[in-house]
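The values are calculated or read from the model by the stated rules, or taken from the named source; none is laboratory data. The structure presented is a predicted model; accordingly, all values stated were derived computationally and were not measured. Here the Cβ positions follow ideal geometry from the backbone for every residue, glycine too, while neighbour counts run over all protein chains shown.
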Amino acid sequence: MPCGVEFLYCDLASLSSSRQFVQKFKMKKIPLHVLVNNAGVMMVPQRKTVDGFEEHFGLNFLGHFLLTNLLLDTLRESGSPGRSARVVTVSSATHYVGELNMDDLQSSRWYSPHGAYAQSKLALVLFTYHLQGLLAAQGSHVTANVVDPGVVNTDLYRHIFWGTRLLKKLFGWWFLKSPDEGAWTSLYAAVSPALEGVGGRYLYNEKETKSLAVTYDLMLQRQLWARSCQMTGIPDVTEGVFSDSCHLGKTLCPAHHSQVCEGSPVCIFHTHLPS
Ligand SMILES: NC(=O)c1ccc[n+]([C@@H]2O[C@H](COP(=O)([O-])OP(=O)(O)OC[C@H]3O[C@@H](n4cnc5c(N)ncnc54)[C@H](OP(=O)(O)O)[C@@H]3O)[C@@H](O)[C@H]2O)c1
């Protein structure tokens, strides 16, 4: 079977570019088994995407939000029992200090490069959990997990203070993960048989760990999703999928110690019924 790599241009800082990319990809009529939402910028000066969104929020979060939503049908068609399609979203430990400012998601009142980056990474965790809830409720063979790659020696740090950049240049090879090592947890989420059918996990060093407490807030997940649909101009496919009790009563999935919706038989973190 012939195989190869093909390049398709996609500027995630542009909603129309993301749409065009999806259109071109779908014309190829090929399955999509793994989508890794990896692109990102960090601590850039205050500036806007072509659509007028603050860059961290627009690119890191909304770009991936739109891309994933537009590819959901292809992912669903590509997954099968025992071979789920997978969405892997790259967040960061920075999300632990992030705050989601629903009144000012674009940081227009007060801008901090670090705060804006942290908010975008926090939004990606909330998005992943809500996405997993949707996929599980629909019984689709697609899972969504979120990954923290650790501190990795890459170009991401190009906008930080010059002194820190110099230290990183001189000693980064010694105390930071190499790009290869930084990719390990994403690869684990993308291909590990141990994660077949398992979603809604926050993974660090190839292990599940807890994300910031607020990321498990179902109401916040739902609000962010709905607002993101408005901002990107797509229909909210989660509307009506979750019962209200889902967001009022939060209980623990007995198998996985994660939230499960009352009134819904599925654990939102898994595509199978909790045991
Ligand atoms: N490095 C770390 O310590 C660290 C820690 C935690 C989380 N992360 C996360 O890991 C992910 C990868 O970052 P990295 O460390 O590999 O940084 P990087 O070397 O700067 O890579 C960033 C990637 O994002 C792509 N990108 C930037 N703007 C884009 C746009 N508008 N449209 C499409 N793609 C765009 C870049 O593509 P081009 O090369 O074509 O510009 C590049 O492939 C990011 O989400 C980052 O937040 C990294």
Review point. If S211 passes every condition in (1) part of a loop (DSSP other than H, G, I, E, B); (2) surrounded by fewer than 17 Cβ atoms within 10 Å (Cβ to Cβ); (3) more than 12 Å from the ligand (Cβ to nearest atom) but one, which one does it miss?
Key: (2)
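L59: away from the ligand (no atom under 11 Å from the Cβ) and either under 15 Å from the mean Cα position of the chain (by Cα) or surrounded by 14 or more Cβ atoms within 10 Å (Cβ to Cβ) (or both), yes or no? So that I can check it myself, show each step before the final result.
On the way: away from the ligand (no atom under 11 Å from the Cβ): no; either under 15 Å from the mean Cα position of the chain (by Cα) or surrounded by 14 or more Cβ atoms within 10 Å (Cβ to Cβ) (or both): yes.
So L59 fails the test.
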Revision key, fill the gap. Scanning region 126-175 for residues that are touching a Leu at 6+ places or on another chain (Cβ under 9 Å), of a type in the set (D, E, K, R) and in a helix (DSSP H, G or I) gives K168
Study note, to complete from the structure: Per the list (1) at pLDDT below 50; (2) among the β-branched types (V, I, T); (3) in a loop (DSSP other than H, G, I, E, B), residue check on T251 breaks on (3)
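In the set S91, S17, S84, S78, which member is within 10 Å of the ligand (Cβ to nearest atom), under 20 Å from the mean Cα position of the chain (by Cα) and touching a residue at least 12 places away in the same chain (Cβ under 8 Å)?
Values: S17 fails: touching a residue at least 12 places away in the same chain (Cβ under 8 Å); S84 fails: within 10 Å of the ligand (Cβ to nearest atom); S78 fails: within 10 Å of the ligand (Cβ to nearest atom).
Answer to the selection: S91.
Inspect all residues belonging to region 189-210 and state whether any of them is hydrophobic (A, V, I, L, M, F, W, C) and touching a Gly at 6+ places or on another chain (Cβ under 9 Å).
Within region 189-210, not a single residue is hydrophobic (A, V, I, L, M, F, W, C) and touching a Gly at 6+ places or on another chain (Cβ under 9 Å).
Residue-wise test of (1) touching a residue at least 24 places away in the same chain (Cβ under 8 Å); (2) farther than 20 Å from Y204 by Cα; (3) more than 13 Å from the ligand (Cβ to nearest atom).
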{"site": "H130", "(1), (2), (3)": "yes, no, yes"}
{"site": "L135", "(1), (2), (3)": "yes, yes, yes"}
{"site": "P149", "(1), (2), (3)": "yes, no, no"}
{"site": "F161", "(1), (2), (3)": "no, yes, yes"}
{"site": "L170", "(1), (2), (3)": "no, yes, yes"}
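Looking only at region 86-117, count how many residues are of a type outside the set (G, A, S) and part of a loop (DSSP other than H, G, I, E, B).
Filtering region 86-117 for residues of a type outside the set (G, A, S) gives 86-90, 94-97, 99-106, 109-111, 113-114, 117.
Now restrict to residues that are part of a loop (DSSP other than H, G, I, E, B): 99-106, 109-111.
Summing the residues that are of a type outside the set (G, A, S) and part of a loop (DSSP other than H, G, I, E, B) in region 86-117 gives 11.
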Review point. Of the residues in region 1-43, how many are assigned to a loop (DSSP other than H, G, I, E, B) and touching a strand residue (DSSP E or B) at 6+ places or on another chain (Cβ under 6 Å)?
Key: 2
Review point. Could we say that Y96 is within 16 Å of the ligand (Cβ to nearest atom), touching a residue at least 24 places away in the same chain (Cβ under 8 Å) and buried (at least 24 other Cβ atoms within 10 Å of the Cβ) here?
Key: no
